[in-house]
1. Can you grab the distance from the C-alpha centre of the stretch 63-82 to the C-alpha centre of the stretch 184-222, Å, no decimals?
2. Could you sort 252-259, 38-45 so that the peptide with the highest average Cβ count within 10 Å comes first and the rest follow in order?
3. Whole-Hz ³J(HN,Hα) for each residue in the stretch 153-165, computed from phi via Karplus 6.51 cos²θ - 1.76 cosθ + 1.60 with θ = phi - 60°, x for glycine and proline: what do you get?
4. May I ask you to compute the full-extension gain from Gln256 to Asp186, defined as 0.36 nm times their residue separation minus their alpha-carbon distance, rounded to one decimal in nm?
5. Can you check what the Kirkwood hydrodynamic radius comes to for the stretch 196-261, Cα pairs only, in Å to one decimal?
6. From the backbone phi of the stretch 122-136, what are the Karplus-calculated ³J(HN,Hα) couplings (6.51 cos²θ - 1.76 cosθ + 1.60, θ = phi - 60°) in whole Hz, Gly and Pro given as x?
7. Which shape class applies to the chain: rounded if a/c is under 1.5, otherwise prolate when a/b exceeds b/c and oblate if not, where a ≥ b ≥ c are the square roots of the Cα gyration tensor eigenvalues?
8. Using each residue's phi in the stretch 202-210, evaluate 6.51 cos²θ - 1.76 cosθ + 1.60 at θ = phi - 60° and report the 3J(HN,Hα) Karplus result to the nearest Hz, with x for Gly and Pro.
Amino acid sequence: MPGTEDTPMVRFEKVVKKFGDHTVLDHLDFTVKRGDRVTLIGPSGSGKTTILRLLMTLEKVTDGMIWVGDEPLSHVRKRGKWVPAPEKHLRRRRLSIGMVFQHFNLFPNMSVIDNITEAPIRVLGRSKSEARERALDLLEMVGLADKADQHPTTLSGGQQQRVAIARALAMEPEVLLLDEVTSALDPETVDDVLNVLREIARTTEITMLIVTHEMRFARDVSNRVLMFDGGRIVEEGTPEKIFTNPDHERTQRFLQAIVGK
Ligand SMILES: Nc1ncnc2c1ncn2[C@@H]1O[C@H](COP(=O)(O)OP(=O)(O)O)[C@@H](O)[C@H]1O
Ligand SMILES: [Mg+2]
């Protein structure tokens with residue numbers, strides 16, 4: 001397990017991310033403590049997804065470093081110098097992080113349970129029966145135990161998203177990244193997904209980074225909110241502070257726009 005009680009679970013250190021000439025993250029510094037539930041808010045294009053994708057090692061930093069626990073995610077030490085991590089290092093470190101995306105990307109040709117057990121068997125080397133038992137527990141937790149043998153395409157969007165959450169948790173990550181997981185769903189299935197996440201937050205110690213426009217949910221679940229704009233953190237604080245009495249005009253304007261929707 002990377003890190004001790006005291007080291008942050010996640011640390012961004014002067015992280016720069018550019019796409020071509022476009023600087024998306026501009027010397028970004030922040031830390032997330034073990035067990036924190038951090039909500040990232042900010043206008044579209046402010047770099048929230050990029051932050052999660054960097055953590056998931058789906059993108060590479062342009063400059064700066066990312067740490068997960070007491071070991072860098074983005075770099076390895078070679079002859080006394082930090083150098084960008086090779087794929088092998090990324091593959092290993094990626095195991096401590098799980099991600100659920102806006103568009104549930106389940107394997108359509110596999111049953112629900114096979115979707116959940118595939119990676120634990122192939123990547124973690126779990127036995128079939130062990131993986132299956134754990135998957136059934138997780139399906140129970142997300143309220144879909146009766147759907148184990150169905151195909152994802154027969155499920156509603158909200159149900160598929162709950163399977164995606166179970167699949168992420170099946171890898172027993174230390175950090176769970178949630179990127180607008182309810183934005184693509186029919187309104188009537190949103191609450192089922194949010195309630196599952198509330199329950200996970202209540203019953204586990206897992207560290208969560210959450211991008212959401214569901215402010216009520218963010219208030220219920222998170223202990224910190226970071227407001228992003230222009231590749232930087234504009235303001236951060238408790239949900240109570242940020243949602244009811246933000247200091248910055250940019251945050252006020254952003255929240256008004258969301259409420260007005
Ligand atoms: N693969 C990419 N290539 C080029 N530009 C990208 C890529 N991914 C993201 N961007 C740009 O980076 C900026 C931040 O995007 P993103 O992290 O998705 O923001 P958010 O999730 O806050 O809406 C946007 O301007 C977006 O167009
Ligand atoms: Mg995004």
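All of the numbers you see were taken from the coordinates with simple rules; none came from a lab. As the structure is a prediction and not an experimental result, all values here were calculated from the model. So basically every Cβ, Gly included, is an ideal-geometry build from the backbone, and we count neighbours across all protein chains shown.
1. 31
2. Most protected by this proxy first, the peptides run 38-45, 252-259.
3. 3J(HN,Hα) across the stretch 153-165, in whole Hz: 5, 8, 9, 5, x, x, 5, 4, 5, 5, 5, 4, 5.
4. Full-extension gain reported as 22.9 nm.
5. Values: mean 1/r = 0.0788 Å⁻¹.
For the stretch 196-261, inverting the mean 1/r across all distinct Cα pairs yields 12.7 Å.
6. With the stated coefficients, the stretch 122-136 comes to 6, 8, 8, x, 5, 6, 4, 5, 5, 5, 5, 4, 5, 5, 5 Hz.
7. oblate
8. Result, ordered by residue: 6, 9, 10, 9, 4, 6, 10, 10, 10 Hz.
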